[in-house]
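S.K.: I'd like to ask you about the structure that follows.
The values are calculated or read from the model by the stated rules, or taken from the named source; none is laboratory data. Note that this is a predicted model, so its numbers are computed, not measured. Heads up, the Cβs are rebuilt from the backbone with ideal geometry, glycines too, and the neighbour counts pull from every protein chain shown.
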Amino acid sequence: MKFREKKLKVWMVLGVMILIGLSMTTSAFVTSSSNYRLQSDSLNTGGTFSTSTNYQIEDTAGEIGTGISTSTVYKTYTGYQQMQETYLSISAGSDIVMTSLTLTQNSSVGSTTWTVITDNSAGYSATVYATVSDNCTDRDGGGAVDALCDIATAESFADVSTSKHSWDVSNEYAFGWSAYGDDVTGHGADTDCMATTYNVPSGGLLWQGFHSTTAYQIASSTSRTVPAGTTVTMCVASEQDTVFAPSGTYYATTTITALTL
């Protein structure tokens, strides 16, 4: 995050770093039970999985019309050995610029949005976590460095809570996050980070703290997305109540990781 320090003001810019995790492991499940599920099957005359100290290979014999076919409008993968590839992408989110807290401005709200696209029939899971300097403090006593902090002074905004709850800051200066989107569950029903009052956190969302490098699930799906993808919006909020946050440069770097299931 970048900040500019002025008298009793905190300029906050929450930097967002994107990390894409790819796991090419699943396709359609043709047969399943309580103990197993088969990704795909085929009619063929044979095949085996072979290994040595230098290689591993799986082969299939006897299938007809296998391989990769393309044209100007499509690309197909035909045959048992072609069926294991999946696609996963996530767009780059923008940095979050939060309104300065001042003697008269006691809360601030910001957001960023990602678009996740996958053709994996089993869906995907996305998690977020925040990293900050170990020089910063554990003001909330949760046993982890608080996410939003000033390295120079080791001051930090206490994480609002490890569990999701309605926004509530009392006699404290605190920081938290929430989310909404078609694939987001457990964070409330609102589709706006703010309440009707500007820069006031939504009362229709449930908020929680990052608590250092703990990864939290932000979105998931058990099926492929639509071709245009699914949007995931992360909200962040800070507030000071009764106690003013010390002037400083506060920041956190947040990472989102998406994996196919």
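S.K.: Residues being at pLDDT below 90 and buried (at least 21 other Cβ atoms within 10 Å of the Cβ): count how many of those fall in region 156-177.
M.R.: 0
S.K.: Right, another one. Any chance you could count how many residues in region 51-102 are free of Cβ contacts under 8 Å to residues at least 12 places away in the same chain and either in contact with a Lys or Arg (Cβ under 6 Å, 6 or more places away or on another chain) or among the small types (Gly, Ala, Ser) (or both)?
M.R.: First, pick out the residues of region 51-102 that are free of Cβ contacts under 8 Å to residues at least 12 places away in the same chain: 51-57, 64, 69-77.
Next, from what is left, pick out any that are either in contact with a Lys or Arg (Cβ under 6 Å, 6 or more places away or on another chain) or among the small types (Gly, Ala, Ser) (or both): 52, 69, 71.
Within region 51-102, residues that are free of Cβ contacts under 8 Å to residues at least 12 places away in the same chain and either in contact with a Lys or Arg (Cβ under 6 Å, 6 or more places away or on another chain) or among the small types (Gly, Ala, Ser) (or both) number 3.
S.K.: May I ask you to verify whether Ala147 is over 14 Å from the mean Cα position of the chain (by Cα) and at pLDDT below 95?
M.R.: Working: over 14 Å from the mean Cα position of the chain (by Cα): yes; at pLDDT below 95: yes.
Yes, satisfied.
S.K.: Within region 206-219, is there a residue that is over 20 Å from the mean Cα position of the chain (by Cα) and assigned by TED's automatic domain parsing to the domain that holds Asp119?
M.R.: First, the residues of region 206-219 that are over 20 Å from the mean Cα position of the chain (by Cα): none.
No, region 206-219 has no match at all.
S.K.: In region 240-254, which residues are out of contact with any Lys or Arg (no Cβ under 8 Å at 6 or more places or on another chain) and surrounded by 16 or more Cβ atoms within 10 Å (Cβ to Cβ)?
M.R.: Step one: of region 240-254, the residues out of contact with any Lys or Arg (no Cβ under 8 Å at 6 or more places or on another chain) are 240-246, 248, 250, 252-254.
Gln240, Ala245, Gly248, Tyr250, Ala252, Thr254 - these are the residues of region 240-254 that are out of contact with any Lys or Arg (no Cβ under 8 Å at 6 or more places or on another chain) and surrounded by 16 or more Cβ atoms within 10 Å (Cβ to Cβ).
S.K.: Something else: Keeping to region 144-173, report how many residues are farther than 14 Å from Pro246 by Cβ and among the hydrophobic types (A, V, I, L, M, F, W, C). So that I can check it myself, show each step before the final result.
M.R.: To start, the set of residues in region 144-173 that are farther than 14 Å from Pro246 by Cβ comprises 144-145, 147, 159-171.
Of the ones still in play, those that are also among the hydrophobic types (A, V, I, L, M, F, W, C) are 144-145, 147, 160, 167, 169.
The qualifying residues number 6.
S.K.: Now a separate question. If the Cβ limit is 7 Å and pairs must be 6+ apart or interchain, which residue in region 169-180 that is under 15 Å from Gln208 (Cβ atoms) and in contact (Cβ under 8 Å) with a residue 12 or more places away in the chain pairs with which residue that is outside any loop (DSSP other than H, G, I, E, B) and aromatic (Phe, Trp, Tyr)?
M.R.: The qualifying pairs are Ala174/Phe157; Phe175/Phe157; Gly176/Trp207; Trp177/Trp207; Ser178/Trp207.
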